[in-house]
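Okay, so here's the structure we're looking at.
Computed from the coordinates by the stated procedures, all read-outs in this text should not be read as laboratory data. Note that the coordinates shown come from a computational prediction; the quantities given were computed from them, not determined experimentally. Heads up, the Cβs are rebuilt from the backbone with ideal geometry, glycines too, and the neighbour counts pull from every protein chain shown.
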Amino acid sequence: MPAHFHNPVATYFGSGSLSQITALTAGQKVALVTFPEARGLGLIKQVEDLLGERLVYVFEDVQPNPDVNQLRSVYEHFWQHAEHCDVVFALGGGSAIDTAKALIVGTESGHFDELLALLAQGNPFTPAHCKTLIAAPTTAGTGSEVTPWATIWDSAQKKKYSLHLECTWPKAAIVDPDLMLTVPAGVTVSTGLDALSHALESIWNVNANPISDTFAVSAIEEVFLCLPALRKNLHSQELRSRMALAALKAGMAFSNTKTALAHSISYEMTLRHGLPHGIACSFSLPYVLGLAWGRDHERDRVLQRVFGPDLAKAQNHLQNFLQSLEVKTEFSDYGVSDTEAREMVEYALQGARGKNFIGARAA
Ligand SMILES: NC(=O)c1ccc[n+]([C@@H]2O[C@H](COP(=O)([O-])OP(=O)(O)OC[C@H]3O[C@@H](n4cnc5c(N)ncnc54)[C@H](O)[C@@H]3O)[C@@H](O)[C@H]2O)c1
């Protein structure tokens with residue numbers, strides 16, 4: 001079977017590329033979805049200057065991990081007051097981009113619970129309306145600007161939903177590293193590790209192919225080199241730019257493979273133990289590497305391009321890297337007993353993402 005890679009997102013990269021939003025929305029009405037700090041950072045002003053009267057609606061209170069509780073009222077307000085906009089411009093981290101992905105999918109009734117019921121059924125559906133999405137990430141990690149997925153959380157019910165439609169692919173991604181210069185150290189590390197996790201998860205994945213591997217290997221090498229240096233020098237434009245590109249490559253890789261076991265584990269760690277997404281999906285990487293190794297010759301060859309031929313050394317390398325960033329790598333470090341960890345991994349292997357893991361059947 002020939003390898004097939006498909007990503008329909010028109011991608012702009014580089015310092016100053018935010019200004020592309022003007023040409024990309026010519027003649028259209030735009031709604032902006034962004035995070036609370038954006039106004040103080042001068043980002044809303046920048047967008048206002050670039051869009052002028054085209055900017056018809058602003059939602060600036062995106063909270064980390066879009067939750068059904070907040071989304072319900074935001075969604076209904078959006079469809080009542082911004083129904084006339086053509087484009088939603090998501091400017092922020094994965095939480096802003098995923099919130100925007102939920103907003104653009106219009107239901108017949110205009111109510112969010114109709115969308116939630118469709119997501120809960122888990123079957124493909126055609127939305128009543130869908131708006132165009134353009135995404136500009138302000139963190140370097142989630143890759144949500146080049147993927148069609150959104151994670152919608154229900155923290156009260158300890159559940160998560162995955163939204164994925166043809167229309168939730170952004171039309172364009174604007175990756176401007178200047179937007180990331182203000183990200184604090186903790187978020188810089190956790191989002192950088194999210195990118196590392198995307199890249200590794202795309203390799204130990206039943207959907208991997210040589211094209212996704214090329215993006216993944218390059219992303220991993222760059223995260224190893226850049227993230228520790230960036231953590232010590234948060235204002236470096238060069239390092240921000242390299243991490244932004246690494247996260248974009250990781251996003252391209254998993255845009256075609258989806259994620260796998262480490263992410264499936266992460267959902268429980270976020271819902272039950274409150275871990276930020278990037279830590280939740282990276283602390284288990286050395287463990288998952290051990291489960292992946294030896295399952296498939298071709299996958300081993302790709303992993304060995306990154307880590308060399310020795311599994312123990314590879315796991316040590318990954319563990320030392322994470323620990324150097326002050327990320328603990330054992331379940332017990334997060335108060336999860338051996339029994340709970342075993343059950344969590346078993347459960348994660350049965351999940352949609354867990355089934356993408358190359359060791360899922362035999363593990
Ligand atoms: N759709 C996908 O493909 C995908 C992939 C990975 C993660 N996700 C989702 O993304 C979310 C996490 O996104 P994230 O890790 O980017 O974090 P985030 O968007 O939640 O942002 C983290 C914090 O950083 C702040 N922030 C963002 N940009 C900033 C900036 N430039 N300067 C200062 N502060 C800034 C935010 O306000 C927030 O408080 C999770 O909900 C996760 O499920 C989605």
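See the values below:
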{"quantity": "Backbone HN-Hα couplings from phi across the stretch 48-60 [Karplus 6.51/-1.76/1.60, Hz, Gly and Pro as x]", "calculated": "4, 5, 6, 9, x, 6, 5, 7, 10, 7, 10, 10, 10"}
{"quantity": "Amide H contacts of VAL175 (H built 1.01 Å from N, under 5 Å, at least 5 apart or other chain)", "calculated": "TYR12, PHE13, GLY14"}
{"quantity": "Whole-Hz couplings from phi, Karplus 6.51/-1.76/1.60, listed for the stretch 235-250; x for Gly and Pro", "calculated": "9, 6, 5, 5, 5, 4, 5, 5, 5, 4, 5, 4, 5, 5, 4, 4"}
{"quantity": "Simple Cβ-charge dipole of the stretch 10-178, Lys/Arg +1 and Asp/Glu -1, about Cα centre, in debye nearest 20", "calculated": "220 debye"}
{"quantity": "Assigned charges on the beta-carbon of Lys, Arg, Asp, Glu; the chain dipole about Cα centre (debye)", "calculated": "540 debye"}
{"quantity": "Dipole magnitude of the stretch 143-246 about its Cα centre (Cβ charges: Lys, Arg +1; Asp, Glu -1), debye to nearest 20", "calculated": "340 debye"}
{"quantity": "Residue among ALA102, PHE89, ALA117 farthest towards the positive dipole end of the stretch 10-178, charges placed on Cβ", "calculated": "ALA117"}
{"quantity": "Mean Cβ count within 10 Å, highest first, over the residues of peptides 133-146, 29-42, 237-250", "calculated": "133-146, 237-250, 29-42"}
{"quantity": "Sparse-neighbour loop sites [GluC sites (Glu not before Pro); the stretch 326-363; at most 16 other C-beta within 10 Å; DSSP]", "calculated": "GLU326, GLU330"}
{"quantity": "Where no second cysteine Cβ lies under 4.7 Å, the cysteines concerned in the chain", "calculated": "CYS85, CYS226, CYS281"}
{"quantity": "Amide proton proximity set for ILE358, modelled H, under 5 Å, gap of 5+", "calculated": "ASN205, VAL206"}
{"quantity": "Positive-pole candidate from VAL68, ILE21, HIS129, dipole of the stretch 1-151, charges at beta carbon", "calculated": "ILE21"}
{"quantity": "Options ASN356, PRO148, LEU234, ranked by Cα towards positive dipole end of the chain, top entry (Cβ charges)", "calculated": "ASN356"}
